[in-house]
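Before any comments, here is the structure.
The values are calculated or read from the model by the stated rules, or taken from the named source; none is laboratory data. Everything quoted here is computed from the prediction, not taken from an experiment. Ideal geometry is used to build each Cβ from the backbone, glycine not excepted, and the neighbour counts take in all protein chains shown.
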Amino acid sequence: MESVITKCSSLTELDLSHNSLGAEGAEFLCSVLPLLPNLTSLSIGSKETCVTVVEKLSEALLQAKAIQCLNLSGHVISDSAAHVMTRILPTLRSLNLSHCEWSAAGGLQLLEALGESVRLEGLCLDSVQLNEESRVCLADALRNIKSIRSLK
């Protein structure tokens, strides 16, 4: 697979949704992301219970500067992954975190980072459990995002 992807350096969209990546798949994806400098959209939506996937991927996404659209639907996001993702979120144009699970602290980190987004046009938080503090934080973040066009 890696030999195929290395020949696709002009690839702009990669959708691996509904595949179980697991730790090995996440490591593979992290190894090929640097080989895809034009990748603007990455979708790995899945019901993934392995927190390692987003932890590993969040670090790799820091290096993937071209990504504007990110779908992590259905993943479990650890506090450490949420912390790293706070540096990625402000640069995104579209973010799908529907059906994701995180701790109250991790969720607050993510929602606060959304408030720094200057280009975010689409946000999907469908079926995400938010406590009162998180709902207030989300409302504050949305007041700051002038570019938002779609909210689910």
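Restricting attention to segment 1-15, and to residues there that are outside any helix (DSSP H, G or I) and modelled with pLDDT under 90, which single residue is surrounded by the fewest Cβ atoms within 10 Å (Cβ to Cβ)? Give the derivation first.
Let us first name the residues in segment 1-15 that are outside any helix (DSSP H, G or I), namely 1, 7-15.
Of the ones still in play, those that are also modelled with pLDDT under 90 are 1, 7-9.
Values: Met1: 7, Lys7: 9, Cys8: 14, Ser9: 11.
Restricting to residues being outside any helix (DSSP H, G or I) and modelled with pLDDT under 90, the top hit is Met1.
Every residue, every condition in (1) crowded, with 16+ Cβ neighbours inside 10 Å; (2) farther than 16 Å from Asp15 by Cβ; (3) in contact with a Lys or Arg (Cβ under 7 Å, 6 or more places away or on another chain), yes or no:
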| residue | (1), (2), (3) |
| --- | --- |
| Ala81 | yes, yes, no |
| Leu95 | yes, no, no |
| Glu116 | no, yes, no |
| Arg119 | no, yes, yes |
| Gln129 | no, yes, no |
Picking from Glu133, Glu116, the residue that is in a loop (DSSP other than H, G, I, E, B) and over 27 Å from Leu16 (Cβ atoms) would be Glu116
Among (1) more than 19 Å from Ala23 (Cβ to Cβ); (2) surrounded by 18 or more Cβ atoms within 10 Å (Cβ to Cβ), Leu57 falls short only on (1)
Filtering segment 43-54 for residues that are among the basic types (Lys, Arg) and either buried (at least 18 other Cβ atoms within 10 Å of the Cβ) or under 11 Å from the mean Cα position of the chain (by Cα) (or both) leaves a count of 0
message: Checking the structure you have, find out if any residue of segment 90-100 is touching a Gly at 6+ places or on another chain (Cβ under 8 Å), basic (Lys, Arg) and more than 25 Å from Val51 (Cβ to Cβ).
response: yes
Restricting attention to segment 28-42, the residues that are surrounded by fewer than 18 Cβ atoms within 10 Å (Cβ to Cβ) and either closer than 20 Å to Ser94 by Cα or among the aliphatic types (A, V, I, L, M) (or both) number exactly 5
When (1) out of contact with any strand residue (DSSP E or B) (no Cβ under 6 Å at 6 or more places or on another chain); (2) closer than 25 Å to Ala104 by Cβ; (3) not β-branched (Val, Ile, Thr) are applied to Gly45, the one that fails is (1)
Scanning segment 136-152 for residues that are part of a helix (DSSP H, G or I) and touching an Asp or Glu at 6+ places or on another chain (Cβ under 8 Å) gives Cys137, Ala141, Asn144
Inside segment 34-49, the number of residues satisfying the requirement of being under 10 Å from Ala66 (Cα atoms) and in a strand (DSSP E or B) is 1
Out of (1) modelled with pLDDT of 95 or more; (2) assigned to a strand (DSSP E or B), the one His83 does not meet is (2)
